[in-house]
Amino acid sequence: MASLREDLVEYSKKLSEKNMVIGPGGNTSIREGDFMYIKPSGLSFPELTVDDLVEVEIATGTVTPHHLKPSSEVLLHLYIYQVRDVNCIFHAHPPFVNGITARDIPFRHMFPDSVVYLGRTIPVIDYCVPCTETLAEYVRDNFQDSLAIVLKNHGAITVGENPKTAYLRMEILEGLAYTIWIAKSINDVTPLSYLSDQDIEDVLALDSEKYRQNLLKDKK
Ligand SMILES: [Zn+2]
């Protein structure tokens with residue numbers, strides 16, 4: 001069975017394959033006990049190996065000596081692990097998500113799958129300078145309950161029980177943005193049709209969707 005770190009590398013590479021990051025952009029990490037293992041700075045996902053992952057103690061931020069430096073967004077990951085019970089964090093720059101939010105088009109559910117995988121609400125927060133403690137604090141304070149958060153003019157973060165789930169949420173998020181873009185492109189005159197609050201509650205109450213959500217938690 002593949003280790004969690006091997007899973008992290010495998011699913012991280014999909015971010016590049018699906019064009020959700022460009023070049024060395026984006027970063028991912030996994031929690032194992034008191035430590036997190038994070039992508040190093042400056043390396044792109046296609047060239048990433050398990051040995052490149054940098055070990056950082058979650059409580060203190062102490063970096064275990066390594067031949068590579070941790071991602072410049074190390075604080076972003078650290079601050080989320082310090083306050084949330086999640087095992088994996090994916091940060092990417094999906095172009096449709098960025099395009100939609102750069103135009104201030106409301107980023108809301110438009111089809112049932114996004115409700116199931118991303119939960120009731122997807123917060124969108126204002127732009128903040130990347131790689132800063134200010135951004136890490138801003139994200140931590142606005143990302144207490146949701147499974148995905150959008151950083152305006154920058155990208156998105158998803159969390160999960162494992163790399164597969166965090167990746168899947170990023171894929172669904174970009175799929176939602178793509179759908180909104182299509183709807184907006186076909187007809188820019190009439191209002192966009194989003195799911196209502198009641199529609200969202202009805203989907204979340206479906207037994208079949210609870211089954212799918214539980215299945216995700218159990219898988220690697
Ligand atoms: Zn970024």
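The values are calculated or read from the model by the stated rules, or taken from the named source; none is laboratory data. This one's a predicted model, so the numbers in the text were calculated from it and none came from an experiment. Please note: Cβ atoms are built from the backbone with ideal geometry, for glycine as well, and neighbour counts cover all protein chains shown.
Taken over segment 21-31, the criterion of being closer than 15 Å to Thr158 by Cβ, more than 11 Å from the ligand (Cβ to nearest atom) and not polar (S, T, N, Q) is satisfied by Ile30, Arg31. Whether any residue in segment 141-151 is out of contact with any Cys (no Cβ under 6 Å at 6 or more places or on another chain), touching a residue at least 40 places away in the same chain (Cβ under 8 Å) and among the hydroxyl-bearing types (Ser, Thr, Tyr) is what I want to check. No, every residue in segment 141-151 fails to be out of contact with any Cys (no Cβ under 6 Å at 6 or more places or on another chain), touching a residue at least 40 places away in the same chain (Cβ under 8 Å) and among the hydroxyl-bearing types (Ser, Thr, Tyr).
Number of residues in segment 92-144 that are within 15 Å of the ligand (Cβ to nearest atom), among the hydroxyl-bearing types (Ser, Thr, Tyr) and in a helix (DSSP H, G or I): the value is 3. Considering only residues in segment 32-66 that are hydroxyl-bearing (Ser, Thr, Tyr) and surrounded by 14 or more Cβ atoms within 10 Å (Cβ to Cβ), the one that is nearest to Thr158 (Cα to Cα) turns out to be Tyr37.
None of Glu209, Glu174, Glu201 is in contact with a Pro (Cβ under 7 Å, 6 or more places away or on another chain), of a type in the set (Asp, Glu), assigned to a helix (DSSP H, G or I) and over 17 Å from Cys88 (Cβ atoms) except Glu174.
Scan segment 70-88 residue by residue and report those that are away from the ligand (no atom under 16 Å from the Cβ) and either aliphatic (A, V, I, L, M) or not in a helix (DSSP H, G or I) (or both). First the steps, then the outcome.
As a first pass, look at segment 70-88 and keep what is away from the ligand (no atom under 16 Å from the Cβ): 81-88.
Matches in segment 70-88: Val83, Arg84, Asp85, Val86, Asn87, Cys88.
His67 fulfils the conditions (1) modelled with pLDDT of 95 or more; (2) more than 16 Å from the ligand (Cβ to nearest atom); (3) over 18 Å from Arg169 (Cα atoms) except for a single criterion, (1).
Taking Thr165, is it hydroxyl-bearing (Ser, Thr, Tyr) and either within 16 Å of the ligand (Cβ to nearest atom) or in contact with a His (Cβ under 8 Å, 6 or more places away or on another chain) (or both)? Please lay out each step first, then the result.
Working: hydroxyl-bearing (Ser, Thr, Tyr): yes; either within 16 Å of the ligand (Cβ to nearest atom) or in contact with a His (Cβ under 8 Å, 6 or more places away or on another chain) (or both): no.
Taking the combined requirement at face value, the residue does not satisfy it.
Just checking, does segment 155-173 include any residue being closer than 21 Å to Ala102 by Cα and more than 12 Å from the chain's Cα centre (by Cα)? Scanning segment 155-173, I find no residue that is closer than 21 Å to Ala102 by Cα and more than 12 Å from the chain's Cα centre (by Cα), so the answer is no. Of the set (1) among the β-branched types (Val, Ile, Thr); (2) within 30 Å of Glu201 (Cβ to Cβ); (3) crowded, with 22+ Cβ neighbours inside 10 Å, all apply to Thr28 but (2).
Determine if segment 180-199 includes at least one residue that is touching an Asp or Glu at 6+ places or on another chain (Cβ under 8 Å) and surrounded by fewer than 23 Cβ atoms within 10 Å (Cβ to Cβ). It would help to see each step written out before you state the result.
Filtering segment 180-199 down to residues touching an Asp or Glu at 6+ places or on another chain (Cβ under 8 Å) leaves none.
For segment 180-199, residues touching an Asp or Glu at 6+ places or on another chain (Cβ under 8 Å) and surrounded by fewer than 23 Cβ atoms within 10 Å (Cβ to Cβ): absent.
Would you check if Ser12 is within 16 Å of the ligand (Cβ to nearest atom), in contact with a Cys (Cβ under 8 Å, 6 or more places away or on another chain), within 21 Å of Asn87 (Cα to Cα) and modelled with pLDDT of 95 or more? Give the steps one after another, and end with the answer.
Numbers: within 16 Å of the ligand (Cβ to nearest atom): yes; in contact with a Cys (Cβ under 8 Å, 6 or more places away or on another chain): no; within 21 Å of Asn87 (Cα to Cα): yes; modelled with pLDDT of 95 or more: yes.
For Ser12, the condition - within 16 Å of the ligand (Cβ to nearest atom), in contact with a Cys (Cβ under 8 Å, 6 or more places away or on another chain), within 21 Å of Asn87 (Cα to Cα) and modelled with pLDDT of 95 or more - is not met.
Selection within segment 145-162: residues that are part of a loop (DSSP other than H, G, I, E, B) and more than 15 Å from the ligand (Cβ to nearest atom). The member of this set that is surrounded by the fewest Cβ atoms within 10 Å (Cβ to Cβ) is Asp145.
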